[in-house]
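Peer 1: Attaching a single structure in structure tokens format; questions to follow.
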Amino acid sequence: MKYNVICKKVELSDARKEKMLGKIKKLDKFFDSDVECKILIAEQRNDVIIEITFVHKGFVFRAETQNKD
């Protein structure tokens, strides 16, 4: 799987990035190696928003969470 991490108004340390990718890599067994995973991390109104999107065989899988930290 290919990972594309985009940070908007947020600085992501290498340790946090590796921890996040480690959790997402658990999904590799469900997808082909040519699938792209887009990870968007943004700050909006004092909240951090994380969106994860996969496109696989015409289907879009998307998850979003929002928290203060």
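Peer 1: Any chance segment 27-48 includes a residue that's at pLDDT 95 or above, out of contact with any Asp or Glu (no Cβ under 7 Å at 6 or more places or on another chain) and among the polar types (S, T, N, Q)?
Peer 2: no
Peer 1: I would also like to ask the following. If the Cβ limit is 6 Å and pairs must be 6+ apart or interchain, which residue in segment 48-62 that is within 21 Å of residue 17 (Cα to Cα) pairs with which residue that is among the acidic types (Asp, Glu)?
Peer 2: Final answer for the pair search is 51/64.
Peer 1: Something else now. Quick one: count up the residues across segment 1-19 that are under 10 Å from the mean Cα position of the chain (by Cα) and among the small types (Gly, Ala, Ser).
Peer 2: Of the residues in that region, 0 qualify.
Peer 1: Same structure, new question: Out of segment 43-63, which residues are more than 17 Å from residue 3 (Cβ to Cβ) and assigned to a strand (DSSP E or B)?
Peer 2: Restricting attention to segment 43-63, the residues satisfying the condition of being more than 17 Å from residue 3 (Cβ to Cβ) are 43-49, 57-59.
The answer is 43, 44, 47, 48, 49, 59.
Peer 1: Right, something else. Restricting attention to segment 28-52, which residues are open to solvent by less than 100 Å² (accessible area, probe 1.4 Å) and either touching a Cys at 6+ places or on another chain (Cβ under 7 Å) or hydrophobic (A, V, I, L, M, F, W, C) (or both)?
Peer 2: Matches in segment 28-52: 31, 35, 37, 39, 40, 41, 42, 48, 49, 50, 52.
Peer 1: Within segment 53-67, restricting attention to residues that are open to solvent by less than 80 Å² (accessible area, probe 1.4 Å) and of a type in the set (A, V, I, L, M, F, W, C), which residue is modelled with the highest pLDDT?
Peer 2: 63
Peer 1: Filter segment 10-27 down to residues that are in contact (Cβ under 8 Å) with a residue 24 or more places away in the chain and more than 16 Å from residue 48 (Cβ to Cβ) and give me whichever is least open to solvent (accessible area, probe 1.4 Å).
Peer 2: Looking at residues that are in contact (Cβ under 8 Å) with a residue 24 or more places away in the chain and more than 16 Å from residue 48 (Cβ to Cβ), I get 24.
The values are calculated or read from the model by the stated rules, or taken from the named source; none is laboratory data. Note that the structure is a prediction, hence the values are computed from the model and not measured. Note that we place each Cβ from the backbone using ideal geometry, even for glycine, and neighbour counts take in every protein chain shown. The protein model used for the area step is the full one, side chains on, heavy atoms only, and it has no ligands, DNA or RNA in it. Shrake-Rupley method; radii C 1.70, N 1.55, O 1.52, S 1.80 Å.
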